[in-house]
Every structure is written in structure tokens, then in C-alpha cells.
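Notes for the one structure printed next.
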Amino acid sequence: MGTMLFQVKGLSKCFGRIAALADVSFHVRTGEVLGLIGPNGAGKSTLFECLAGVLPSDRGEVLTGGRPVRELLFYVPDGIAPWPAQSVRWALEFTIGFLDGQAALREEVIEQLDLRPLLRQPIGTLSKGQRKRVLLAIGLLTPQPALLIDEPFEGLDLRQARDIAAALRSHAVRGRTLFLSIHQISDAACFCDRFVLLNRGQVRGEGTASELAILASAPTSDLEEVFLALT
């Protein structure tokens, strides 16, 4: 894992009297796979939306070494069907042309995510798992060095999840930073290098599974047990 890519410092977001995020701070490294984990309602999606600029935060900052956040981060949300009337091929070409995507990766990403049989299909006709693969392809083709991906394995079967995990890891090895919100702790434990544990809008821990185990005074570094101890 590389040097620090960006740092989140004191990020807070309230909806009325409800504090969705409260003084959230952590850092993200170049080329790492960082897992955002936490119970339902912990604030994971709100955090991603604030980082991506979908929601304005109330307080806090993202320290990026002077680079605009939009040049650093690309957000891949869960459960959407962008441009539903357009084909998968059109969406990929739009990403490359309009979003200044990486044309050199086009064929590789299509093969990695098994999209060739879907290229002519309208996105609105795809299944949940197929749409997920298209969304991941769009993200991987963008030029930003860091991807925020909400539930990367949602809607995928076991074989697809393993293949996509290998594909994502291959991009991380080449320096792409992946920040993933994952609700299945077992998936996160198998795939992520480090973790940010969020609970009730607050960071309860940051680090590897072993580092979180020390923080929790847990007798094991099993991520599920550490998760339960810290939430």
C-alpha cells in the first residue's frame, strides 16, 4: 500500500436533530482496498454521498493535497440504472468520451466483468447483478485515482463475486484506490486491506483486522467478532 491519498477530517452531517455523521476522521492510502463497514443505519451511504458531493456536509474537510475532490474521487452508488434506455456499449463509450475515461482499459474491463454478451442490451432491461457489473465497469473506466463503491458484490452469485473481486484487486495492484462499503463482514474480511468501522455516525476504529482487534481488546482478529465488540 502506498502513501496517503486523502484524509477526511471532522466530517459531520445532520438531518434535523439526527446526527448521521459526527466528527468522522480517517485516511485513505494509494492503491489500497479500504472497507467501510458498520451496522445498518451507521451512516455509510451518507458518508459516501458527502465525499462524492451528492450531499453537502455540515462541517469538516477532505484534505487532498490541493487537488479538487472531483478530480480524485468517483462514486459508484448501489441499486441504480443509469441511462436506462441506452445500451451498455453506449454507457461505456460515454464514460470514455464524455467523462474522459480510460480507453486503453475498455476491452480488459469488458472481459473482466463478462459484459460482451450485454453490450447491445438497454441498461433498463438488465438484472440487478448485470447492472452491478455495468456500474463497476463505468467506475473502472473513469480517470479518477480513487473509486467509492457502494456494495460492490450486491446482486452477484458466488462465482461472479469471486471473479469481480479478482478484477478489482488487479486494478488496485496497479495503483487504483478502492474504498468499498460492504455490509457482509465475511466478504470484507476476505477482500479488504484495512477497514473503517462506522457506528451511529462515528468512527469506532480504523486499521487492519489485527489492529482493530487490539483496539477492541478482542482475543481474536476474526473480523466478525471484532465488529461485534466495537459496535
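The values are calculated or read from the model by the stated rules, or taken from the named source; none is laboratory data. The shown structure was predicted, so the numbers you read here are calculated from the model rather than taken from an experiment. Please note: Cβ atoms are built from the backbone with ideal geometry, for glycine as well, and neighbour counts cover all protein chains shown.
Restricted to helices (runs of 4 or more DSSP H) entirely inside segment 66-122, those with at least 2 residues that are over 27 Å from His183 (Cα atoms) are 88-97, 106-112.
The set of residues in segment 90-140 being acidic (Asp, Glu) and in contact with a Pro (Cβ under 6 Å, 6 or more places away or on another chain) consists of Asp100 alone.
Within segment 33-50, residues that are on the phi > 0 side of the Ramachandran plot sit with their Cβ atoms under 7 Å from residues that are among the basic types (Lys, Arg), at 6+ positions apart or across chains, in these pairs: Gly38/Lys44. Among the residues of segment 66-82, some residue qualifies, meaning at least one is more than 30 Å from Gly10 (Cβ to Cβ) and either surrounded by fewer than 21 Cβ atoms within 10 Å (Cβ to Cβ) or within 20 Å of the chain's Cα centre (by Cα) (or both). In summary, Leu148 fulfils each of the numbered conditions (1) modelled with pLDDT of 95 or more; (2) over 22 Å from Asn40 (Cα atoms) with the single exception of condition (2).
Within the set Leu47, Leu55, Leu21, Leu51, the sole residue that is of a type in the set (A, V, I, L, M), buried (at least 16 other Cβ atoms within 10 Å of the Cβ) and part of a strand (DSSP E or B) turns out to be Leu21.
One line per residue, one yes/no per condition, for (1) over 21 Å from Ile149 (Cβ atoms); (2) under 13 Å from the mean Cα position of the chain (by Cα):
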residue: Phe179; (1), (2): no, yes
residue: Cys192; (1), (2): no, yes
residue: Leu197; (1), (2): no, no
residue: Val203; (1), (2): no, no
residue: Ser210; (1), (2): yes, no
residue: Leu215; (1), (2): yes, no
residue: Thr220; (1), (2): yes, no
residue: Phe227; (1), (2): no, no
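Identify all residues within segment 135-167 that are out of contact with any Phe, Trp or Tyr (no Cβ under 9 Å at 6 or more places or on another chain), assigned to a helix (DSSP H, G or I) and of a type outside the set (Asp, Glu); write none if there are none. Listed by number, the residues that qualify are Leu135, Leu136, Ala137, Leu140, Leu141, Leu158, Arg159, Arg162, Ala166, Ala167. Gly35 fulfils the conditions (1) of a type in the set (Gly, Ala, Ser); (2) more than 15 Å from Leu180 (Cβ to Cβ); (3) crowded, with 22+ Cβ neighbours inside 10 Å except for a single criterion, (2). Counting only helices (runs of 4 or more DSSP H) that sit wholly inside segment 168-231, those with at least 1 residues that are surrounded by 17 or more Cβ atoms within 10 Å (Cβ to Cβ), in contact (Cβ under 8 Å) with a residue 12 or more places away in the chain and touching a Ser or Thr at 6+ places or on another chain (Cβ under 6 Å) are 209-216.
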